[in-house]
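The structure appears below as structure tokens.
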Amino acid sequence: MIKVIYGAKGTGKTKMMIDAANAAVEKAKGHLIYITDSKRYMYDLEREVRFIDTSEYDIAGEAALCGFIKGVIAGNHDNEYVYIDGVVRIAGKPVAELAAFFYMLDKVAKSNDLVVTVSVSATKEELPDFVTKYL
């Protein structure tokens, strides 16, 4: 399952993601993974949440991000929750050009029984149809 948190920059999307990840610690039976492009909120997460800063891995583009996420998920067989904060920043593309990414994410989430939460910096009107179906 994919969930999308959207809003303009500065509307509290990251805080919502962090709160959701920390709340999931209580009920999760498997691993929780938080992927973002900064260490800024690293210490706001519970220690049970695996924090990954993509800026350390030189991810260039949507295809590289897809491969990176698949690799992270393949590292453990009992992943349950994945949070991707700032997918537009990490992929380096506008949300309208991320159809292949969301398609891949949907397939990976279904085949691995994952709950994936993605934050997108855009207003509801700016979200393409392939994203709004996850609202």
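The values are calculated or read from the model by the stated rules, or taken from the named source; none is laboratory data. Remember, predicted model here, so these are calculated numbers, not experimental data. Cβ: placed from backbone, ideal geometry, glycine included. Neighbour counts: every protein chain shown. Heads up: the accessible areas ignore ligands, DNA and RNA and are worked out on the full protein's heavy atoms, side chains in. Shrake-Rupley method; radii C 1.70, N 1.55, O 1.52, S 1.80 Å.
Observations on the model:
- Amide H contacts under 5 Å for residue 117: 3, 82, 83, 84, restricted to partners 5 or more places along the chain or on a different chain, H placed in the peptide plane at 1.01 Å from N.
- Global form of the stretch 49-135, assessed from the alpha-carbon gyration tensor, a/c cut-off 1.5: oblate
- Exposure ranking of 115, 82 by accessible area [1.4 Å probe, largest first]: 115, 82
- Electrostatic tally near residue 22: other residues with Cβ closer than 14 Å to its Cβ, Lys and Arg +1, Asp and Glu -1, net -2.
- Expressed to the nearest 5 percent, the antiparallel share of DSSP beta bridges inside the chain is 5 percent.
- Put the Cα centre of the stretch 1-25 next to the Cα centre of the stretch 121-135 and the gap is 15 Å.
- Cross-link pairs 39/107; 9/110; 15/124; 13/93; 9/93 - those with Cα-Cα distance over 23 Å: 39/107; 9/110
- Each Lys or Arg adds one and each Asp or Glu subtracts one; over the other residues with Cβ under 11 Å from the Cβ of residue 59, this totals -4.
- Ranking 71, 24, 57 by how far each Cα lies toward the positive end of the dipole of the chain (charges on Cβ) leaves 24 at the top.
- Charge dipole magnitude, Cβ of K and R +1, D and E -1 - the chain, Cα centre, debye nearest 20: 140 debye
- For a straight C-alpha distance cut-off of 18 angstrom, the aspartates and glutamates reachable from residue 27 (same-chain residues fewer than eight places away being disregarded) are 19, 46, 48, 78, 80, 113.
- Counted by Cβ distance under 11 Å from residue 91, the other residues give a net charge of -1, where Lys and Arg count +1 and Asp and Glu count -1.
- Global form of the stretch 54-103, assessed from the alpha-carbon gyration tensor, a/c cut-off 1.5: prolate
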